[in-house]
Amino acid sequence: MGGKFFIAFSAALIIGCNAAAAESLLDGEFLRPGVHADFNEVRFGVMAYDRGLFSNDVFSGVVVNGEMVFAAPEALKPFGAPRPYLGFDATIADDPVHFVYGGLNWDFRLTDKFYLSGSVGGAINSAENLKNPTAYKALGCRLSFHLGAAIGYDVTENFTIQAYTDHFSNGNICDPNNGAEASGVRIGYRF
């Protein structure tokens with residue numbers, strides 16, 4: 001259900017800002033990367049465990065998510081001004097698996113208030129049994145890739161809200177590769 005909610009919520013936001021998106025497209029701002037490149041940002045949210053675009057929704061629980069996103073270094077500005085980030089997913093479930101992750105984040109302008117956000121990086125998980133667990137997915141190895149996607153709305157210049165989903169996978173480097181996902185809502189403060 002979490003993945004379906006994320007898709008429906010995102011579609012509603014995009015449809016709702018269609019006229020403003022057309023105006024942004026005409027002035028060359030639509031999908032411009034590096035929208036928030038000069039800001040540091042703290043993000044916190046609550047997500048549904050094992051809910052996402054590629055999840056089979058077998059396990060249940062709650063994920064507390066937090067990220068610190070840093071202003072884009074000058075050396076990265078020619079590459080769309082990605083911002084480095086560090087984050088965590090702390091799971092509240094019967095047998096929780098937690099993740100600590102980091103990488104690069106790009107924000108793309110849709111309208112003056114709406115934006116898309118995408119992240120790519122790496123992660124470390126706390127799974128005790130990587131090959132044959134009973135209360136969570138078999139992740140295969142301790143290290144994995146991290147992918148994150150969001151559609152956001154800037155309430156003010158400093159405050160934002162996002163529909164967010166993240167995905168952890170070992171990319172078939174280890175066997176098995178069941179991955180882990182969570183989807184939900186988070187808020188951010190830029191400074």
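The values are calculated or read from the model by the stated rules, or taken from the named source; none is laboratory data. These figures come from a predicted structure and were not determined experimentally. Note that we place each Cβ from the backbone using ideal geometry, even for glycine, and neighbour counts take in every protein chain shown.
Looking at region 135-170, which of the residues that are of a type in the set (D, E, K, R) and assigned to a loop (DSSP other than H, G, I, E, B) is surrounded by the fewest Cβ atoms within 10 Å (Cβ to Cβ)? Can you show your working first?
As a first pass, look at region 135-170 and keep what is of a type in the set (D, E, K, R): 137, 142, 154, 157, 166.
This time we only want the ones that are assigned to a loop (DSSP other than H, G, I, E, B), so: 137, 142, 157.
Working: 137: 20, 142: 13, 157: 9.
Checked region 135-170; the qualifying residue surrounded by the fewest Cβ atoms within 10 Å (Cβ to Cβ) is 157.
Sort out which residues of region 170-191 are more than 11 Å from residue 63 (Cβ to Cβ) and touching an Asp or Glu at 6+ places or on another chain (Cβ under 9 Å), and write them in order of number.
Of the residues in region 170-191, the ones more than 11 Å from residue 63 (Cβ to Cβ) are 170-179, 185, 187-191.
Passing the criteria: 188, 189, 190, 191.
Quick test for you: out of 173, 187, pick the one residue that is among the β-branched types (Val, Ile, Thr) and either within 23 Å of residue 37 (Cβ to Cβ) or part of a strand (DSSP E or B) (or both).
Numbers: 173 fails: either within 23 Å of residue 37 (Cβ to Cβ) or part of a strand (DSSP E or B) (or both).
Step by step, each of 173, 187 is checked, and only 187 is among the β-branched types (Val, Ile, Thr) and either within 23 Å of residue 37 (Cβ to Cβ) or part of a strand (DSSP E or B) (or both).
For region 39-60, state whether one or more residues are within 18 Å of residue 113 (Cα to Cα), in contact with a helix residue (DSSP H, G or I) (Cβ under 9 Å, 6 or more places away or on another chain) and at pLDDT 60 or above. Within region 39-60, none of the residues are within 18 Å of residue 113 (Cα to Cα), in contact with a helix residue (DSSP H, G or I) (Cβ under 9 Å, 6 or more places away or on another chain) and at pLDDT 60 or above. Please indicate, with yes or no, whether at least one residue in region 105-113 is within 16 Å of residue 179 (Cα to Cα) and among the hydrophobic types (A, V, I, L, M, F, W, C). Scanning region 105-113 turns up no residue that is within 16 Å of residue 179 (Cα to Cα) and among the hydrophobic types (A, V, I, L, M, F, W, C).
I'm trying to understand the selection: among the residues of region 145-179, which are within 18 Å of the chain's Cα centre (by Cα), within 19 Å of residue 49 (Cβ to Cβ) and in contact (Cβ under 8 Å) with a residue 40 or more places away in the chain? Scanning region 145-179 gives 146, 148, 162, 163, 164, 165, 166, 167, 168, 179. Scoring residue 137 on the criteria (1) more than 20 Å from the chain's Cα centre (by Cα); (2) touching a residue at least 12 places away in the same chain (Cβ under 8 Å) leaves a single failure, condition (1). Only residues that are crowded, with 18+ Cβ neighbours inside 10 Å and either within 22 Å of residue 154 (Cβ to Cβ) or at pLDDT 95 or above (or both): list them for region 89-101, please. Answer for region 89-101, where residues must be crowded, with 18+ Cβ neighbours inside 10 Å and either within 22 Å of residue 154 (Cβ to Cβ) or at pLDDT 95 or above (or both): 89, 99, 101. Whenever a residue of region 83-101 is assigned to a strand (DSSP E or B), its partners that are of a type outside the set (S, T, N, Q) and at pLDDT below 90, lying with C-beta atoms within less than 6 angstrom and at least six residues away or across chains, give the pairs 91/49; 91/61; 92/61.
Which of the residues that make up region 117-134 are in a loop (DSSP other than H, G, I, E, B) and either at pLDDT below 85 or not charged (D, E, K, R) (or both)?
Initial filter on region 117-134 (in a loop (DSSP other than H, G, I, E, B)): 126-134.
Correct list: 126, 127, 129, 130, 132, 133, 134.
Taking the stated definitions as given, is residue 100 among the β-branched types (Val, Ile, Thr) and within 17 Å of residue 83 (Cβ to Cβ)?
Details: among the β-branched types (Val, Ile, Thr): yes; within 17 Å of residue 83 (Cβ to Cβ): no.
The answer is no for residue 100.
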